[in-house]
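A.B. asks: I have a structure I would like to understand better, so I am pasting it below and will then ask my questions one at a time.
The values are calculated or read from the model by the stated rules, or taken from the named source; none is laboratory data. All figures in this text were calculated on a predicted structure; none of them were measured in a lab. A quick note on method: Cβ atoms are made from the backbone with ideal geometry, for glycine too, and the neighbour counts reach across all protein chains shown. Ligands, DNA and RNA are excluded from the accessible area calculation, which covers all protein heavy atoms including side chains. Shrake-Rupley method; radii C 1.70, N 1.55, O 1.52, S 1.80 Å.
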Amino acid sequence: MARIDKENYYLDIAGTVLERSTCMRRHYGAIIVQNDEIVSSGYNGAPRGRRNCADLAYCAREAMNIPSGQRYELCRSVHAEANAIISAPRREVLGATLYMVCKDPASGDLIPGSTSCSMCRRLIINAGIAKVVIRDSAERYRVVDVQKEWIDEDDSIPPHLRPEDRRG
């Protein structure tokens, strides 16, 4: 029997964490790993003490036909990445790796191409996390170098305001 590689080992753990998710649209699980130790975990669900969408059998964004990736301010859930960051001491996430898995709650299928929303990207950047590993299939995953892909290539700046695109 072949030994599982570390990335898939940690992604499997994040996949177990997502089983606690209470979102009706997407189940996300995340863990933060530093020096080969799990620092924290998080899944998407309502803030502590509030009722979850799954318990209410109601999703406001779904009811309003809001496309995936839009109008997160209307969502009851705290995202998995945010919950993992909230649960970790900053000194233990500096330079760490966040592992993330996303599944469709209706089918249980992995959702390839998943990524962190713009709000979670900002949290990941400010927490000092160095890499994000995202599962696309049972064995395939992507590795995001936070500095290169989310800081240096800042997609939140309109093209006409980027220094390299300005005409001077």
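A.B. asks: Could you quote the convex hull projected area for region 50-90, Cα atoms only and averaged over all directions, in nm²?
C.D. replies: 3.6
A.B. asks: Same structure, new question: Would you mind giving the three semi-axes, in whole Å and largest first, of the ellipsoid equivalent to region 104-160 according to its Cα gyration tensor? Working shown, then result.
C.D. replies: On the way: eigenvalues 117, 35, 24 Å².
Whole-Å semi-axes of the equivalent ellipsoid: 24, 13, 11.
A.B. asks: Over region 1-121, with the other protein chains present, what is the accessible area per residue in square angstrom, probe 1.4 angstrom? Please report the intermediate quantities before stating the final value.
C.D. replies: Numbers: 6810 Å² over 121 residues.
Value returned for region 1-121: 56 Å² of accessible area per residue.
A.B. asks: Between SER137 and ALA57, how many nm apart are label points set 7 Å from Cα along the C-beta direction?
C.D. replies: About 3.8 nm, to one decimal.
A.B. asks: Where is the GNM fluctuation largest for the chain (alpha-carbon springs, 10 angstrom cutoff): SER156, SER41, SER118?
C.D. replies: Judging by the Gaussian network model, the answer is SER156.
A.B. asks: Can you compute the FRET efficiency between GLU19 and ARG48 using 1/(1 + (r/R0)^6), with r the Cβ-Cβ distance and R0 = 22 Å? Round to the nearest 0.05.
C.D. replies: 0.75
A.B. asks: Under the Karplus relation 6.51 cos²θ - 1.76 cosθ + 1.60, θ = phi - 60°, what is the ordered set of whole-Hz ³J(HN,Hα) values for region 2-14, x standing for Gly and Pro?
C.D. replies: Using θ = phi - 60°, the values come out as 6, 7, 5, 6, 4, 4, 5, 4, 5, 5, 4, 5, 4 Hz.
A.B. asks: If THR97, THR16 are ordered by their accessible area, calculated over protein heavy atoms with a 1.4 Å probe, which sequence runs from highest to lowest?
C.D. replies: Ranking THR97, THR16 by accessible area, largest first, yields THR16, THR97.
A.B. asks: On to the next question. Sorted by accessible area with a 1.4 angstrom probe, largest first, how do LYS103, LYS148 fall?
C.D. replies: LYS148, LYS103
A.B. asks: In addition: Where does the Debye-calculated log10 I(q)/I(0) of the chain sit at q = 0.08, 0.10, 0.11 Å⁻¹, using only Cα point scatterers of equal weight, no solvent?
C.D. replies: -0.26, -0.39, -0.47
A.B. asks: Let me ask another. How would HIS79, HIS160 rank on accessible area, largest to smallest, probe 1.4 Å?
C.D. replies: On the way: HIS79 35, HIS160 130 Å².
Final ranking, largest accessible area leading: HIS160, HIS79.
A.B. asks: Now for a different question. Could you give me D for region 40-109, from Stokes-Einstein at 20 °C and 1.002 mPa s, where the hydrodynamic radius is the Kirkwood radius over C-alpha pairs? Units µm² s⁻¹, please.
C.D. replies: Values: Rh = 13.8 Å.
Translational diffusion coefficient: 155 µm²/s.
A.B. asks: Roughly speaking, what is the stretch gain from SER68 to ASP152, that is 0.36 nm per residue apart minus the C-alpha to C-alpha distance, in nm to one decimal?
C.D. replies: Taking 0.36 nm per residue and subtracting the Cα distance, the gain is 27.7 nm.
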